[in-house]
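Just below is one structure, and these are the notes that go with it.
The values are calculated or read from the model by the stated rules, or taken from the named source; none is laboratory data. Keep in mind that this is a model prediction, so the values were computed, not measured. FYI the Cβ positions are ideal-geometry reconstructions off the backbone, even for glycines, and counts take in every protein chain you see.
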Amino acid sequence: MAARPLHHPATPDPVHLLLAHTDLGSLLTALAARTHALLARAVPAECALVLRRRNHPALAAASSVALTRLVQERLADDDVDLASALDRGAATAAVRLPASWASGMAWGLDVGHLVVPVDAGPTARAALSLVGTVPVDLHERRHALARIGRVRNEASWVLRLGVRFADEEERSQHRAQAMEARTVIDVAVGVIMAQNRCSADEAFDILKRASNNRNVKLREVAAELVQRIHPSLPETAFSD
């Protein structure tokens, strides 16, 4: 069972985040802002979220423009800490900020760095990165870690659903594109059948050979043939 969403009066709740942001980039940005707001009192730190989906470039969003830019640079350089979270699901912590993260930033080296993996579902990997002062008091440190754990769980819930919605939308688009291509190919086969007085299988073989000989996609060859008959390509009607 998913953890109960945390409450913060100044930020949209997770359900509203999902309803308001239809693409993962804007969702990640809004989620990073909410995560920072939820952590602000217990953990005085800047935070960033990284999301990497299968066959997609990684996305990064943070509580500041500077940190967003830095995380993107670290991703491009195959940062060890981010790779540990994204590739191996392992957390890393340092009481002093690594030099590669401090370069060009105002934090200096006297702050800590924590990177934890975030479950984003079977088709994606995610990580939460925190840069800030490490609490000295043991009780405060435990409280901060507990808060980070709850916020990470909430981020996981949002990202799992967001990625799932995005995956379903892409599958729907791919199905629609495949059906549109199939319609054009079927019409082209009909044209070849009429012109050559042959069967559907024979017409498809003629179309396929033309595609292979010209090294052009089957759908493009079919569209070219159909447009010789009529300038407008046939459209596939979809019903909800």
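Structure notes:
- Any chance Lys208 is exposed (fewer than 13 other Cβ atoms within 10 Å of the Cβ) and not assigned by TED's automatic domain parsing to the domain that holds Arg54: no
- Any hit, segment 148-170, residues being touching a Cys at 6+ places or on another chain (Cβ under 6 Å) and closer than 15 Å to Leu39 by Cα: no
- Considering segment 157-189, the residues that are of a type in the set (Gly, Ala, Ser) and under 19 Å from Pro57 (Cα atoms) include one that is surrounded by the most Cβ atoms within 10 Å (Cβ to Cβ), namely Gly162.
- Filtered residues of segment 198-240 (kept if out of contact with any Ser or Thr (no Cβ under 8 Å at 6 or more places or on another chain), at pLDDT below 90, outside any helix (DSSP H, G or I) and not acidic (Asp, Glu)): Val216, His230, Pro231, Ser232, Leu233, Ala237, Phe238, Ser239
- Filtering Ala90, Ala76, Ala62, Ala58 for residues that are under 21 Å from the mean Cα position of the chain (by Cα), hydrophobic (A, V, I, L, M, F, W, C) and crowded, with 19+ Cβ neighbours inside 10 Å leaves a single hit, Ala62.
- Any hit, segment 97-105, residues being under 26 Å from Ser26 (Cβ atoms), outside any strand (DSSP E or B) and assigned by TED's automatic domain parsing to the domain that holds Ala33: yes
- Yes/no for Arg41 being farther than 13 Å from Ile148 by Cβ and either in the same structural domain as Arg69 (by TED's automatic domain parsing) or not hydroxyl-bearing (Ser, Thr, Tyr) (or both): no
- Cβ-Cβ contacts under 6 Å between residues 6 or more apart (or on different chains), taken from a first residue in segment 56-80 that is within 13 Å of Ala127 (Cα to Cα) and assigned by TED's automatic domain parsing to the domain that holds Val118 to a second residue that is part of a loop (DSSP other than H, G, I, E, B) and of a type in the set (Asp, Glu), are absent.
- Among the residues of segment 118-146, those identified as among the hydrophobic types (A, V, I, L, M, F, W, C) and in a loop (DSSP other than H, G, I, E, B) are Ala120, Val134, Val136.
- Residue check, Ala2 at pLDDT below 90, assigned to a loop (DSSP other than H, G, I, E, B), in the same structural domain as Arg160 (by TED's automatic domain parsing) and surrounded by fewer than 22 Cβ atoms within 10 Å (Cβ to Cβ): no
- Filter pass, Asp119 being surrounded by 13 or more Cβ atoms within 10 Å (Cβ to Cβ), in contact (Cβ under 8 Å) with a residue 40 or more places away in the chain, touching a strand residue (DSSP E or B) at 6+ places or on another chain (Cβ under 6 Å) and among the acidic types (Asp, Glu): no
- Residue match in segment 184-199 (condition: of a type in the set (D, E, K, R), over 22 Å from the mean Cα position of the chain (by Cα) and assigned by TED's automatic domain parsing to the domain that holds Pro98): no
Each row is one residue, and each column tells you yes or no for (1) touching a residue at least 60 places away in the same chain (Cβ under 8 Å); (2) farther than 27 Å from Asp23 by Cβ; (3) aromatic (Phe, Trp, Tyr).
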residue	(1), (2), (3)
Arg52	yes, no, no
Leu82	no, no, no
Leu86	no, no, no
Pro98	no, yes, no
